[in-house]
Structures are given as C-alpha cells and as structure tokens.
Amino acid sequence: MAFPASEIIRRQKGEILVQVSACGVCHTELDEIEGRTPPPAFPIILGHQAVGRVAGAGKKATKFQTGERVGVGWIFSACGRCAACLAGDENVCEEFRATGRDANGGYARFMTVPENFAYQIPDIFSDAEAAPLLCAGAIGYRSLRLTNLKDGQNLGLTGFGASAHLVLKMTRHKYPNTSVYVFARSQKEQDFARELGAVWAGNTEDEPPEKLHSIIDTTPAWKPIVEALKNLVCGGRLVINAIRKEDGDKDCLLKLNYPTHLWLEKEIKSVANVARRDICEFLRLAAEIPIKPEVQEFSLEEANKALVELKEARIRGAKVLRMD
Ligand SMILES: [Zn+2]
Ligand SMILES: [Zn+2]
C-alpha cells in the first residue's frame, strides 16, 4: 500500500480513504467535460464508479475495516435531514453532491468518501466487473423501478449502452414474461441486444410490432424521445435516464404531435441521480442473477482515449480504468 499517498489525502470526519483499483467511465463524464453538468469548481477528479480497498479512516468512521473492498457510486453525500433524505430519496436532496463532480472521484489511485456512501461489493465480482454496476447498473435499476412495469408487459429500451444492457439482463430475471424491444443506432448494438435476449431490435425511428407499456431512454438526444412516445400504449410511461440532453437535435421536439405522442395519458418521467438503496439493492440483485457486465479495460493514462471512444460509441459494453 502506498502509505505516503494515503497520508497526503486528508480524511474528514466520517470519511474513509479508498485505494482505488478500478473506475468505470461514464457518459456523464462527457456531460461534465462538455459543460452540460459542469463541476462547480476546478480542478476536479472525475469518476463515480470506483472500486477499491479501504486504506484508512477519519474520526468517527467505523463501518469498514482496513483492506475491505468497497464501491463508490454517483451519490457522494446528501444532507441527511430533509424530507427527501428522510424518505430514502436522497437522490433528489437539494444538497445532493455527486462523486467526481462536486467532490473528487475515482480517476485516481486514492479517494475519500463518507463511509455511509460506500458499499460492500459481493465477492462474485472482480473489481473491473463491479465498477460499471455502481452507476450504469444502479441507475438502470432505478429506471426500471420507475417504469412500474409488471411481468408480461412490454418494455422498450431506446439507446443500448452500458446501462441499457444491464437493464435488459435485470428485466429477463425480474420479469421473465416481459418482452424487451431495443432501439439502437448501430447494427452492432442491435445484434448485441438480440444476443442478450431482446425479442426485437431496430433503429430509433423503426416501429416495433407491438406497442410498449414502458420505455427507458438512455440516449443523449431528443429524437429517440419523440419516437418512443409514439410507441407507447395508452397510459404508458417513458422514463428518461439521462442527466442532460444535448442540443444538437432539439428541433425534433417540434415534431411532437399531441394526439400521436402524448394523448391517452402517456407519461414522461425523468430519473435523477441514484439513492443508496438503488446501489445496495442492485448489487444484491446483480450477484443473485448473476449479472457480469462486459468490460473493456484501459489504464488510467488512457482515460482520454476511453472517453473519446465512449463519445463515438465505438464498442459495446462498459469501459473501466485500471489503476494497477
Ligand atoms: Zn455514471
Ligand atoms: Zn437532504
């Protein structure tokens, strides 16, 4: 263990020091870099899907032993006192702080985190496998919860990145009679979706053979939303799992036609951040299924390369930086 480094980083009250071994690369990092959800102050260390081992503890941090493996997700802290926090919805707390945006994150060999916002990682996962579960998986889990889907109803996924491919696996386990329809821009993603059990995969603007009860959107664009609304059953729900939308195709919204896209009680709901219970429940579920994400590993020095590849959607699966 790099003891001197661990001494350089100051642990605050209730915080643990984590020696990071793997950290997932997420589209939200592009949103931070490109200014859609900018960090409030610079410099900041990105990264909110970190897995590592406890290397020290600040005063009043008693939950973990030195050497214990922990994960850190997007939620770094919340006030703990407001109505949202008390209801377990700390993801919408006004004082919500995000790892790697409002506090230094896991693109690093060491990081600190409040111990109440670190999670034990089930043994069946390697560090690199666990990393993408902490964001893409947990937020995917929250998105799936927010669809209110019942077993046997049709689920659509528009966009087929790291989160969606995990949602497809979760859905097949939790809702074995549900058919999943995937809308993705590349043939590769569509093939991957079918391989994982989607009954249908097509382009964003293709019409699936059946109407869908819920659709989860994980794209950075607007067109998939307009297209998705058209494919919902009456009373169906579109869940938008995107921290920000890019402005490139915003004029697509002008194509929104009330009778086609919204009438008959169709709903739109966004997913904001992630609560601790989403991460805990999802890690348990992922171990039970089990869900092991396909990962592509990069060294910490290759972080920019990983981000560029993510932006250009060059390969399937989740990208993970290795610190060792
Ligand atoms: Zn993320
Ligand atoms: Zn709060």
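The values are calculated or read from the model by the stated rules, or taken from the named source; none is laboratory data. These numbers come from a predicted model, not from an experiment. Reconstructed Cβ throughout: ideal geometry from the backbone, glycine too, with neighbour counts over all protein chains shown.
Scanning the stretch 108-117 finds no residues that are among the aromatic types (F, W, Y), closer than 24 Å to A313 by Cβ and buried (at least 22 other Cβ atoms within 10 Å of the Cβ). Quick check on Q153: is it surrounded by fewer than 24 Cβ atoms within 10 Å (Cβ to Cβ) and either free of Cβ contacts under 8 Å to residues at least 24 places away in the same chain or within 16 Å of ligand 2 (Cβ to nearest atom) (or both)? Judged against the criteria, Q153 is not a match.
Just need a number here: residues in the stretch 160-195 that are part of a loop (DSSP other than H, G, I, E, B) and either at pLDDT 95 or above or hydrophobic (A, V, I, L, M, F, W, C) (or both).
Of all residues in the stretch 160-195, those part of a loop (DSSP other than H, G, I, E, B) come to 160-161, 175-179, 184-186.
Narrowing further to those that are either at pLDDT 95 or above or hydrophobic (A, V, I, L, M, F, W, C) (or both): 160, 175-179, 184.
Residues that pass the stated criteria total 7.
Take R97 and decide whether it is of a type in the set (K, R), over 20 Å from T37 (Cβ atoms) and within 16 Å of ligand 2 (Cβ to nearest atom). No, not satisfied.
Restrict the check to the stretch 127-135 and report whether at least one residue is closer than 22 Å to G14 by Cα, hydrophobic (A, V, I, L, M, F, W, C) and either more than 16 Å from ligand 2 (Cβ to nearest atom) or touching a residue at least 60 places away in the same chain (Cβ under 8 Å) (or both). Let's see the steps before the verdict.
Applying the first criterion (closer than 22 Å to G14 by Cα) to the stretch 127-135 yields 134.
This time we only want the ones that are hydrophobic (A, V, I, L, M, F, W, C), so: 134.
Checking which are either more than 16 Å from ligand 2 (Cβ to nearest atom) or touching a residue at least 60 places away in the same chain (Cβ under 8 Å) (or both) leaves us with 134.
Yes: one or more hits.
Please work out which residue is modelled with the lowest pLDDT, limiting yourself to the stretch 270-296 and to residues that are part of a strand (DSSP E or B) and surrounded by 15 or more Cβ atoms within 10 Å (Cβ to Cβ). Here the answer is V295.
Sort through T158, T171 and tell me the only one that's in contact with a Pro (Cβ under 9 Å, 6 or more places away or on another chain) and β-branched (V, I, T).
Values: T171 fails: in contact with a Pro (Cβ under 9 Å, 6 or more places away or on another chain).
So the residue among T158, T171 that is in contact with a Pro (Cβ under 9 Å, 6 or more places away or on another chain) and β-branched (V, I, T) is T158.
Selection of the stretch 60-107 for residues being modelled with pLDDT of 95 or more, outside any helix (DSSP H, G or I), of a type in the set (G, A, S) and buried (at least 17 other Cβ atoms within 10 Å of the Cβ) yields G71, G73, S77, A78, A98, G100, A103, G105, G106.
So, in the stretch 118-127, how many residues would count as being crowded, with 19+ Cβ neighbours inside 10 Å and out of contact with any helix residue (DSSP H, G or I) (no Cβ under 6 Å at 6 or more places or on another chain)?
The first filter runs over the stretch 118-127 and keeps only residues crowded, with 19+ Cβ neighbours inside 10 Å, leaving 118-119, 121, 125, 127.
Restricting the remaining residues to those that are out of contact with any helix residue (DSSP H, G or I) (no Cβ under 6 Å at 6 or more places or on another chain) gives 118, 125, 127.
So the count comes out to 3.
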